[in-house]
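Every number here is computed from the coordinates shown, using simple stated rules; none is lab data. Predicted model only: the values in this text are computed from it and were never measured. Note that each Cβ is placed from the backbone with ideal geometry, even for glycine, and that neighbours are counted across all protein chains shown.
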Amino acid sequence: MGMWRDRAVPRLTDLVLRGEEIDALRAEACTGLRGHVLEVGFGSGLNLPLLPAEVERVSAVEPADHGWDLSARRRMESPVPVVRSGLDGQRLTEPDAAFDAVLVTFSFCTIPDPAAALREIRRVLKPGGTLHFLEHGLAPDPGVARWQRRLDPVQRTVFAGCHLTRDTPALVQEQGFELDRLRQEYLPGPKVGRPWAYGSVGVAR
């Protein structure tokens, strides 16, 4: 499982978490980012081409060395300087009130303790700073949610701990953030894909 988690999963997520529809949601999540941004779960750098011009630099939290290696070309081509900043979103190495904004896309689903990560994010945000997120998670339809619970053990095994049943907006609010904007819907596609395709994109402060 170590080789699968460390090498195969970063490459697999790089392939499946991009495309026209996903990129549009990523761009929506990135809207309003500015200044010094911390990205938790940087992965292969799929958000870099979508950052607004107001972003001055990015500190990237990424646990997988292979994921960081996959981002090399995107980092080289990006006008925004990027530095790697720690390996664990639950234990950030950055000082208090260091960032204007934090960006998290498709990572709260995998972080073992998302509440701890959210507390750390609150700690490193400047007063008035914003959390921008894009996640898949628990669907409101009972039938889809039942399938998500059934498939959750398989999902966690194949995608290195990724959950189908987390409710990210609720987790964000439980840690004291106020939602400025939130959109939730199924991604376009066949209904058979719905257990994997209920998404949330939002901004909180």
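For the range 17-25, the Karplus equation 6.51 cos²θ - 1.76 cosθ + 1.60, evaluated at θ = phi - 60°, returns couplings of 9, 9, x, 4, 5, 5, 4, 5, 5 Hz by residue, with Gly and Pro reported as x.
Explain nothing, just the number: relative contact order of the range 78-147, from Cα pairs under 8 Å at least 6 residues apart, as a whole percent. If you can, show how the numbers build up before the last one.
Values: 76 pairs, mean separation 25.1, N = 70.
The value is 36 percent.
In terms of packing, defined here as the mean over residues of other Cβ atoms within 10 angstrom, the peptides 54-62, 84-92 line up highest first as 54-62, 84-92. Taking amide H atoms as placed 1.01 Å from N in the peptide plane, the amide H of Leu103 lies under 5 Å from those of Leu38, Glu39, Val40, His132, each 5 or more residues away in sequence or on another chain.
Say a paramagnetic label sat at a point 7 Å from the Cα of Val192, along Cα to Cβ; which residues of the range 15-38 have their backbone N under 20 Å from it? Only 16-17 fall inside the zone, counting backbone N under 20 Å. Once you reduce the range 1-75 and the range 102-147 to the center of their Cα atoms, the two points are 15 Å from each other. The peptide list 188-194, 101-107, put in order of mean Cβ contacts within 10 Å with the highest first, becomes 101-107, 188-194.
Mean projection of the Cα convex hull over all viewing directions, computed for the range 39-99: 4.1 nm². Across the range 139-151, computed HN-Hα scalar couplings (Karplus, 6.51 cos²θ - 1.76 cosθ + 1.60, θ = phi - 60°) run 7, x, 7, x, x, 5, 4, 4, 5, 4, 5, 5, 7 Hz from first to last residue, x flagging Gly and Pro.
Roughly what % of Cα-Cα distances in the range 146-205 sit above 15 Å, to the whole percent?
Counting every Cα pair in the range 146-205, those more than 15 Å apart make up 58 percent.
The share of C-alpha pairs in the range 105-205 whose separation exceeds 25 Å stands at 20 percent.
Where both residues lie in the chain, what percent of DSSP beta bridges are antiparallel, nearest 5? That works out to approximately 40 percent antiparallel.
At 20 °C and 1.002 mPa s, what whole-number value in µm²/s does Stokes-Einstein give for the translational diffusion of the chain, with Rh from the Kirkwood sum over Cα pairs?
On the way: Rh = 17.0 Å.
Answer, rounded: 126 µm²/s.
Under the rule a/c < 1.5 gives rounded, and otherwise a/b versus b/c splits prolate from oblate, where does the range 105-156 land using the Cα gyration tensor? Prolate shape, in that a/c is at least 1.5 and a/b is the bigger ratio.
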